[in-house]
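Read through the structure below, which is laid out as structure tokens, and then see the notes.
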Amino acid sequence: MRAEETPVEFATYYFTLLVMLASVLAAATCFSAYLVSRSRAMILAFGGFLCYFIDVAFMLQDSIAAVVLGTSAGADASYLLMRSVATILIGDACLTFFWLLVCDFVGERRRSLMAAAPIAFLLLSLGLLMGADTPEGRFWFYSLRMIYVFWMLGFGLFRYLTCRDETERTRMARGRMAFVVVAVLAALVVAEDALLFLVLRTDGFMLGPILISSERNYAENLLFLAGALLAIGYAVRSLALRFEKPPADESDERAARIGDNLLIYARRHGLTDRESEVLRLILQGKDNQNIASTLTIAPSTVKVYVHRLLQKTGCENRQGLIQDFWRSA
């Protein structure tokens, strides 16, 4: 290694460590949140970030392989084939965890649809690998991951636009910021690949002190870093709230969706424990009589609690209260 390349290599090395650290930290916090909340979203996020940690670790493996093989890892055909297949498999697993997370978020339960995306990605990746000896072939091979991501975004947007339940639409709209961030960064990933393979038609080039190569897409790293920060923030908030108040039984799917959001909303508006319980039942679609039966209190008492809820939250009626909960929780 030439002396002038050392700072560049070290910068790349430490950036890779940063991405790996963020991925494993996101995986650990999501798994911790799952243990106390039993949230499907948390265990799926855990799997996705853990797989991405392994995926990024392959970058460091190449440097080790070059030393062990005594040559460039890319020059050894057998190593390159095994490395490519492993990348496909771990990439498929990583993206599939996030695809299932999207399905969980929009309430998709059709197993055939959930299985179709990862199978299609796997078959297309293996097919494109056979033709990855041309710049165009390599572009499509490396960009297939982002096509998978755009499929997730498109599917989520479609479910939002076709949803007729205003409460569900309000809940799903809370993910709009994450949607925009992922869409922009995914487009940058494709742009980086297009510049590399279709415009410059090279495996790598220097952009100032930064090495841009086919094996190291910085836009993709930034995409997962942003996702890791969002996941860590959500998981830490969930853990903090569960520390203050242990989880109740949330086996019902609708109740599980309310989950931590109720704790956040209650604390924001200063609701008592009883008022929070009444709100939970309102969000589950129960009327005053059913709420009274569930809590073994008089219907007139329920009316008092509902009146207090409307006063504290500044809502005009129950429907407005439900909309406000999903919009701001």
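The values are calculated or read from the model by the stated rules, or taken from the named source; none is laboratory data. On a predicted model such as this, the values are computed, not experimentally measured, just so you know. We place every Cβ from the backbone using ideal geometry, glycine too, and count neighbours over all the protein chains shown. Just so you know, the surface numbers come from the protein's heavy atoms only, side chains and all, with ligands and any DNA or RNA stripped out. Shrake-Rupley method; radii C 1.70, N 1.55, O 1.52, S 1.80 Å.
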- Query: If Tyr148 passes every condition in (1) closer than 16 Å to Leu101 by Cβ; (2) loosely packed, with under 14 Cβ neighbours inside 10 Å; (3) among the hydroxyl-bearing types (Ser, Thr, Tyr) but one, which one does it miss?
  - Reply: (2)
- For the stretch 313-327, what are the residues that are free of Cβ contacts under 8 Å to residues at least 60 places away in the same chain and open to solvent by 40 Å² or more (accessible area, probe 1.4 Å)? Gly314, Glu316, Asn317, Arg318, Gln319
- Item | Options Leu263, Leu222, Leu230; residue that is open to solvent by 20 Å² or more (accessible area, probe 1.4 Å) and at pLDDT below 85 | Leu263
- Message: Can you tell me which condition Met172 does not meet? The list is (1) open to solvent by 30 Å² or more (accessible area, probe 1.4 Å); (2) of a type in the set (A, V, I, L, M, F, W, C); (3) modelled with pLDDT under 95, and all the others hold.
- Response: (1)
- Just wondering, is there one or more residues in the stretch 64-75 that are at pLDDT below 75, of a type in the set (Val, Ile, Thr) and either in contact with a Gly (Cβ under 9 Å, 6 or more places away or on another chain) or not in a helix (DSSP H, G or I) (or both)? yes
- Task: Just give me the residues in the stretch 282-312 being buried (at least 19 other Cβ atoms within 10 Å of the Cβ) and within 31 Å of the chain's Cα centre (by Cα), in sequence order.
- Result: Ile282, Leu283
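Could you please find all residues in the stretch 93-127 being more than 20 Å from Arg40 (Cβ to Cβ) and either touching a Lys or Arg at 6+ places or on another chain (Cβ under 9 Å) or free of Cβ contacts under 8 Å to residues at least 12 places away in the same chain (or both)?
Of the stretch 93-127, the ones more than 20 Å from Arg40 (Cβ to Cβ) are 119-127.
Correct list: Ile119, Ala120, Phe121, Leu123, Ser125, Gly127.
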- Query: Out of all the residues in the stretch 293-309, which are farther than 12 Å from Ile282 by Cα and assigned to a helix (DSSP H, G or I)?
  - Reply: Ser293, Leu295, Pro299, Ser300, Thr301, Val304, His307, Arg308
- Residues being of a type outside the set (Val, Ile, Thr), over 15 Å from Met130 (Cα atoms) and either more than 24 Å from the chain's Cα centre (by Cα) or open to solvent by less than 50 Å² (accessible area, probe 1.4 Å) (or both) - total across the stretch 77-91: 2
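Looking only at the stretch 94-131, filter to residues that are β-branched (Val, Ile, Thr) and farther than 16 Å from Ala231 by Cβ; which one of those is farthest from the chain's Cα centre (by Cα)?
Among them, the one singled out is Ile119.
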- Message: Which count do you get for residues in the stretch 13-42 that are of a type outside the set (Phe, Trp, Tyr), surrounded by fewer than 19 Cβ atoms within 10 Å (Cβ to Cβ) and either within 18 Å of Ser238 (Cβ to Cβ) or over 17 Å from the mean Cα position of the chain (by Cα) (or both)?
- Response: 10
